[in-house]
1. Report the Cα centroid-to-centroid distance between region A:118-183 and region A:82-101 in angstrom, as an integer.
2. For A:Lys42, which lysines qualify as cross-link partners when the Cα separation must be under 25 Å and same-chain residues fewer than eight apart are set aside?
3. Add -39500 (n - 2.57) for each DSSP H run of 4 or more in chain A, then divide by its residues: what number comes out at 222 nm, to the nearest 500 deg cm²/dmol?
4. Taking Cα atoms, how many degrees apart are the long axis of helix B:186-202 and the longest axis of chain B, rounded to 10 and kept between 0 and 90?
5. Hey, can you list the DSSP H helices of chain A whose Cα span along the axis is 24 Å or longer and whose average Kyte-Doolittle score is at least -1.0?
6. Could you work out, residue by residue across B:169-182, how many beta carbons of other chains sit within 10 Å of that residue's beta carbon, and then give the average as an integer?
7. Once every DSSP H run of n ≥ 4 in chain B is given -39500 (n - 2.57) and the sum is divided by its residues, what mean residue ellipticity at 222 nm do you get, rounded to the nearest 500 deg cm²/dmol?
8. Applying the Karplus parametrisation 6.51 cos²θ - 1.76 cosθ + 1.60 with θ = phi - 60° to the phi angles of region A:58-67, what ³J(HN,Hα) value in whole Hz is obtained for each residue in order, glycine and proline being reported as x?
Amino acid sequence: MPPVSFQHVSKRFGGATVVDDFDLEIADGELLVLVGGSGSGKSTILRMLAGLESVTAGTIRIGERDVTALPPRQRDVAMVFQDYALYPHMTVRENLSLGLRLRRMPRQEIDRRVGWAAATLALEPLLGRKPKQLSGGQQQRVAMGRAMVREPAVFLFDEPLSNLDAALRAQMRIEIGSLQRRLKTTAVYVTHDQVEAMTLGDRIVVLANTRIQQVGRPIEIYRAPVNRFVAGFIGTPPMNFLEGRLHDDGGGPVFVADGARVKLLRARIAAGSSQPVTLGVRPEDLRLDIATPGAGEDSADALAGRVVLVERLGGTSHVHFDAGQHRLIASVTHDPVPNVGDAVTVQVPAERAHLFGADGRALA
Amino acid sequence: MRTLRRVALYAGLTLAALTFIYPFLWMAATTLKPPFEVGTLALIPERPTLDNYRTMWARAPFGRALLNSALVATTITAAVLVLGSMTAYAMARLRFRGRPVLQAVTLGVLLVPGQLTLIPLYTLIVQLGWIDTYAALVVPYLLNATAILMLRQFFVQIPQSLIDSARMDGMGELRILFTIFWPLAKPALAIVAIFTFMGSWNEVLWPLLVVRDQRLMTLPQLLTVFALGGGAGSMGVSLASAMVLVVPVVVAYVFLQRYFIESMAGAGIKG
């Protein structure tokens, strides 16, 4: 099946740029997730690929074909909408088959495909019902089925799980993922939920302010975010940031902030010193200990803090604490979990520290 | 206490209903009465007769007028629904240059009283040579600003994703309008249809201006000419002709009434 490519695609509405120079190739059978906040342009990119939105500049190809100017029906793509967009006055069967009937497909083939989709998605008992009579999860499945029967070159998902409650969302996320892997159909999935992005995507595109911030496998993006935005966007709870300066006092580079000193690995720091930088560290990478009076207080790479909030999730606890002027979070999986008001010391492992320059870019 | 209040309420309502329906029933009954019974207030004729209808039918071409009215009103209603919903769809759902102007003009048309355009419109029809033609009766009413705006109001509420979805399924705009919007907009279409049909059915002034040939006259026009011109001769015959006018409207209303009742909830998209 053909891959998709965006070549320097931009979209402007009046004077406002919504998508700026989006350039990307999607591999055959890949599930690509576009993730970003509102206004990042992710939905517009999807709608341009669908043909529902015109392209201001650039080219979109599906396989060998330039589809930039083609109407949706000639693009061989199928879409699952956030609100499902099922036709309320048609039965499930009619909803599933409409796109095929409009393409004048032989009846037998329509029946075969509808039967296959209904069996795959456990919709068989519901074929005679109207969308109103279905639960949210069932409507979601019909929406998926409607895309499946088309057997398109590319599946498009526009925040398909946003309207479901948490439990159903987790379940449908797994179903979508396993279905896509089984069908091996190239898919583009738009979401604002970074958990969906991490769990579903073969690759993730992080978007912000109309531009691509980073493209990569989920774990790459998690481990090596290229800038502060991506670092803060991907991961729950979000990465901690401390504002400070870099010093090199001969014994290797050291990050110094209000009440904090963190030794860093020499290899990761560019030459030059005393520049303002941001240190980022993920909550699960912090090593937090309840402070014992009189010991370790001026340890070279430890922060001293005081616990202000503890969220116990069962296996993990999120400990919120103040260190100097910074409010930080540590994920703690071991006992004892400190209590509110406890003094704690926190180690920042040098190999897990991320450094960002004044412009927000990661310092390699 | 509660039952008592309920009884009083129903008694009041029944009385009100009777007040409204009595004159109508009396009219219906009187058409079946011989001339010497017409003066009574009774609802059941002592000696029922169809003479009034026979006389009426014999004196003027009411059958033809009924057919004319049906033809004119049906044509106009169909056109208003089809053309009006097309215009409303474009206004509600398509982006094109000049849309705001078009909307403002459509709204503006509502502010112009019909009497104001009567003379210019008449002059136009004369110059087109359409006097004494069906075109004169039908063409000026093919589009209707009220209908357009009502339908537009309904169409803007239909979720965009349904249109997107239909486009992805391979539909063109006309198909989206007639296979997706129309079924969802049934209540709005029914209301527009009823008002348009009744408006057209009851129209007297315009036909009086542009049609003089009795064979082209619509029912209310012929009735007016007949009753006011003294052609009826008796109250029973006048009322019989009025009955012929009103029955089709009542039938149409009964036929379309259920669409009023069908709630808008049926058009919702989420369960």
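1. Centre-to-centre (Cα) distance: 12 Å.
2. Those lysines meeting the cut-off are A:Lys11, A:Lys184, B:Lys270.
3. Values: 8 runs with 85 residues, N = 364.
Only helices count here, giving -7000 deg cm²/dmol.
4. In chain B, helix B:186-202 runs at an angle near 40 degrees to the longest axis.
5. Details: long enough: A:166-183 (25 Å, -0.11).
For chain A, where a helix must reach 24 Å along its axis and average at least -1.0, the hits are A:166-183.
6. On the way: counts 15, 12, 5, 3, 0, 0, 1, 0, 0, 0, 5, 5, 0, 1.
Shielding by partners across B:169-182 averages 3.
7. On the way: 12 runs with 184 residues, N = 271.
For chain B, the value works out to -22500 deg cm²/dmol.
8. Each residue's phi maps through the Karplus curve to give x, 9, 10, 10, 10, x, 7, 8, 7, 9 Hz.
Here, each number is a calculation from the coordinates, and none is a lab measurement. All values derive from a computational prediction rather than experimental measurement. Positions of Cβ are generated from backbone atoms using ideal geometry, with glycine treated the same way; all protein chains shown enter the neighbour counts.
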